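These notes are about the structure you will find just below.
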Amino acid sequence: MRKIAVLFMILSGIMFAYIPQVSAQEVYAVTEKNGGKINDYYVVTESIQQEGQAFGVTIHVVGQNHSYNNYSNWFYAYMNGAWHFVPGGQLAAAMRIDRIEDPMFRSVIYGVFSTARQYM
């Protein structure tokens, strides 16, 4: 029993030492409120990759009032004089950010975009 307790304390210490390093790489971008669920979006700053007039970024979404924890990659491109959100990296599906009709969706897309641009 003592060995298990000592092992647990060592693992807990390692976990607490590791957590600050991970959170330092993520920057808060925006909060989404959708159907009673609240999600916080974070930009993983070390993941930002730019190529020409386009860039990709990894985001981390965490539920505030529900169990949700997800990482995904988002892409943006500058085309025809405006920035576009490019779902799945498919240019054919690109949406001009300022013309997205749903205000909450536009807010999330723009919040992640503007935060990522600060760290490029």
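Any read-out appearing in this document is the output of simple, stated calculations on the displayed coordinates, not a laboratory observation. All values derive from a computational prediction rather than experimental measurement. Counting neighbours? That spans all protein chains shown, and the Cβs are built from the backbone with ideal geometry, glycine included.
Here are some notes:
- Neighbourhood charge, 15 Å Cβ-Cβ cut-off, centred on MET95 and excluding it, Lys, Arg +1 and Asp, Glu -1: 0
- Förster radius 22 Å - calculated FRET efficiency between ARG117 and ASN69 (Cβ-Cβ, nearest 0.05): 0.30
- Across the range 45-120, the relative contact order, built from alpha-carbon pairs under 8 Å that are at least six residues apart, equals 22 percent.
- Between GLU46 and ASP98, the contour length at 0.36 nm per residue exceeds the Cα-Cα span by 16.1 nm.
- Net length gained if the chain between PHE105 and ASN34 were fully extended (0.36 nm per residue, minus Cα distance): 24.6 nm
- In sequence order, calculated HN-Hα J values of the range 102-115 (Karplus, 6.51, -1.76, 1.60; Hz; x Gly/Pro): 6, x, 5, 4, 4, 4, 5, 4, 5, x, 5, 4, 5, 5
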